[in-house]
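Just so it is clear, none of the values below were taken in a lab; they were calculated from the coordinates. Predicted, not measured: the structure shown is a model, and the values here were computed from it. FYI the Cβ positions are ideal-geometry reconstructions off the backbone, even for glycines, and counts take in every protein chain you see.
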Amino acid sequence: MWMLTIMSPMRAANPRNSMVQSVDRAVAVLEFLLQEGAAGVTEVANGLNIHKSTAYRLLATLKERRLVEQDAETERYHLGLGLVFLARAVTADLDIVRYARPVAQRLCEQTRETVTVSVLAGHETVVIYQDMSSSSVLSVDWTGSHLPIHCTCDGKVLLAHLPENEQRSILARPLERFTENTIVDPACLREQLRAIRADGYGCAVEELEIGLSGVAAPIYAAGGGVVAMISVSGPSVRLPVASIPELGVLVRNAAAVISRSLGFESRPAQDSGTNAIPA
């Protein structure tokens, strides 16, 4: 009888009591079905050395979440379409990084500042790629960091392109103030979001941290939706307010190149410069 034993670096490094057993077993079921192709409740129970009732509950839960499916005739289980949707999300991020990397590297060399690519994660943004110039005085690796949506250049660009109902939901909540420059008045923030949509880029001047400024632009997918942002950030003394319009054009052009790589047919953006001075 085939027996599945999961040994991962994460398990080896952490004590077993740090794990949630039901989640661990659910993952084991998925890996078992990946290995076997299809299996019944008894096969899963024997393969994982768990009680048959436990195997049934795990399979029933995974089936409810569409992570596994059950053949109506054989009653055997196999991996479900829900996993495909999860995989697509990961694949989409990987595709964005693949197309963004060379563009981000060129932008980093051109500006000699830190360039990041971010995506939406709940009501925050998460950095999925970073390129840092050797001349940059910033040494923070933002990769994997979750950042506020209302006071970062990446976040505000994303917020500007969310559906109206989602914008209202976010702006209806109290907005945390990080510095004296953080915009916490929903009306003022709405004005800046309108400017972002008009200009094709957005900025944040010392709103998250004193001394840190940035400019970001949206990356579009083939269907026309915003899927990511690319930004340039650095010390405010090197990115003064007067430089924002010029930097905004550079970032916007870089985003357009990535968007075209993702299949988006670019449309002209206005260059009103209204993002030069934050509200």
TODO: Write down the Å³ per residue value for the convex hull defined by the alpha carbon atoms of the range 89-261.
DONE: 107
Open item on the list: Can you list residues from other chains, or at least 5 along the same chain, whose modelled amide H is less than 5 Å from the amide H of Ser213?
Closed with: Glu206, Gly234, Ser236
Open item on the list: What distance in nm separates the two pseudo spin-label positions at Arg66 and His78, each 7 Å out from Cα along the beta-carbon direction?
Closed with: 1.8
TODO: Compute the distance in nm between two label points, each set 7 Å from the Cα along the Cα-to-Cβ direction, one at Asn253 and one at Arg177.
DONE: 3.9
